[in-house]
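Step one of this worksheet: look at the structure below.
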Amino acid sequence: MEDSKKFQDEFIQNASFRMDESLRMISIALDGISEEQLWQKPNSSLNSMGNLILHLCGNMTQYGIASLRETEDTRDRDLEFSVEGGLTKTELLAQLKATVKAVKSTFQDISTHRLLKKKKVQGFEFSGIGNIVHVVEHFSYHTGQIAFWVKLLKDKQLGFYEGHDLNQLNDE
């Protein structure tokens with residue numbers, strides 16, 4: 001296999017791993033809250049966890065599917081933040097899991113040409129690589145917000161890496 005193909009495969013594999021990690025962490029975090037807390041807003045300038053999940057699905061679909069596959073962008077971003085309920089944790093997690101699965105499939109199918117091609121998304125110009133980096137970091141960013149919000153509500157650690165020694169030093 002040529003080096004550029006190895007690089008592309010390694011990049012996609014790591015992006016997909018990070019998405020799975022964020023999904024795992026959100027699942028753990030949501031497991032510890034009530035349906036009511038899912039839609040609770042800390043104040044008028046912050047979003048509920050439910051809104052954040054809808055927002056993640058919209059953003060990942062826009063950047064990680066529609067733009068990369070060069071299909072129609074039908075996102076309604078304002079709607080992601082205006083919903084005040086009506087979906088359960090189970091329904092939102094199913095939507096998030098389906099979105100992540102579709103995005104990872106798109107990553108696997110993308111051509112080198114599309115990875116390098118620049119295209120406008122939300123008025124910003126990104127290559128396909130830029131889109132993938134955006135999807136991963138945006139997912140991670142909001143995962144941290146959700147985790148923080150749950151820790152604040154419950155006053156307890158979420159145990160994301162329970163059973164794993166995070167004090168191990170790097171191999172020489």
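The values are calculated or read from the model by the stated rules, or taken from the named source; none is laboratory data. Computed from a predicted model, the values in this text were never measured in an experiment. Because the Cβ atoms are built from the backbone with ideal geometry, glycine has one as well, and the counts that use them run over all protein chains shown.
If H142 satisfies all but one of (1) part of a helix (DSSP H, G or I); (2) farther than 22 Å from N43 by Cβ; (3) of a type outside the set (G, A, S), what's the number of the condition it fails? That leaves (2) as the condition not met. Return the residue satisfying two criteria in turn: it lies in the range 1-14 and is part of a helix (DSSP H, G or I) and among the acidic types (D, E), and of such residues it is modelled with the lowest pLDDT. If we take residues in the range 1-14 being part of a helix (DSSP H, G or I) and among the acidic types (D, E), then D3 is modelled with the lowest pLDDT.
Which of the residues spanning the range 15-34 are surrounded by 14 or more Cβ atoms within 10 Å (Cβ to Cβ) and either part of a helix (DSSP H, G or I) or under 17 Å from the mean Cα position of the chain (by Cα) (or both)? Working first, answer last.
In the first step, residues of the range 15-34 are kept if they are surrounded by 14 or more Cβ atoms within 10 Å (Cβ to Cβ); the result is 15-16, 18-19, 21-23, 25-26, 28-30, 32-33.
Within the range 15-34, A15, S16, R18, M19, E21, S22, L23, M25, I26, I28, A29, L30 meet the criteria.
Taking first residues from the range 123-142 that are free of Cβ contacts under 8 Å to residues at least 60 places away in the same chain and partners that are hydrophobic (A, V, I, L, M, F, W, C) and surrounded by fewer than 19 Cβ atoms within 10 Å (Cβ to Cβ), the Cβ contacts under 6 Å between residues at least 6 apart in sequence or on separate chains come to S127/L116.
Residues checked against (1) hydroxyl-bearing (S, T, Y); (2) touching an Asp or Glu at 6+ places or on another chain (Cβ under 7 Å); (3) modelled with pLDDT under 95; (4) over 20 Å from Q37 (Cβ atoms):
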site: A98; (1), (2), (3), (4): no, no, no, yes
site: K120; (1), (2), (3), (4): no, no, no, yes
site: E125; (1), (2), (3), (4): no, no, no, yes
site: I132; (1), (2), (3), (4): no, no, no, yes
site: I146; (1), (2), (3), (4): no, no, no, no
site: H164; (1), (2), (3), (4): no, no, yes, yes
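Taking the range 37-115 as the region of interest, the helices (runs of 4 or more DSSP H) fully inside it that hold 1 or more residues being of a type in the set (A, V, I, L, M, F, W, C) and within 15 Å of the chain's Cα centre (by Cα) are 49-61, 89-109. Taking the range 12-32 on its own, how many of its residues are hydrophobic (A, V, I, L, M, F, W, C), under 15 Å from Q145 (Cα atoms) and touching a helix residue (DSSP H, G or I) at 6+ places or on another chain (Cβ under 6 Å)? So the count comes out to 5.
Under the condition of being aliphatic (A, V, I, L, M), surrounded by fewer than 14 Cβ atoms within 10 Å (Cβ to Cβ) and under 21 Å from K5 (Cβ atoms), the residues counted in the range 96-149 number 1.
Screening L87 with (1) surrounded by 12 or more Cβ atoms within 10 Å (Cβ to Cβ); (2) on the phi > 0 side of the Ramachandran plot gives one miss only, at (2). Within the range 152-172, the set of residues being outside any loop (DSSP other than H, G, I, E, B) and exposed (fewer than 10 other Cβ atoms within 10 Å of the Cβ) comprises just one member, L152.
Listed by first and then second residue, the pairs with beta-carbon distance under 6 Å, at least 6 apart or on different chains, first residue in the range 7-33 and closer than 14 Å to L158 by Cα, second of a type in the set (S, T, N, Q), are S22/S140; S22/T143; M25/T143; I26/T143.
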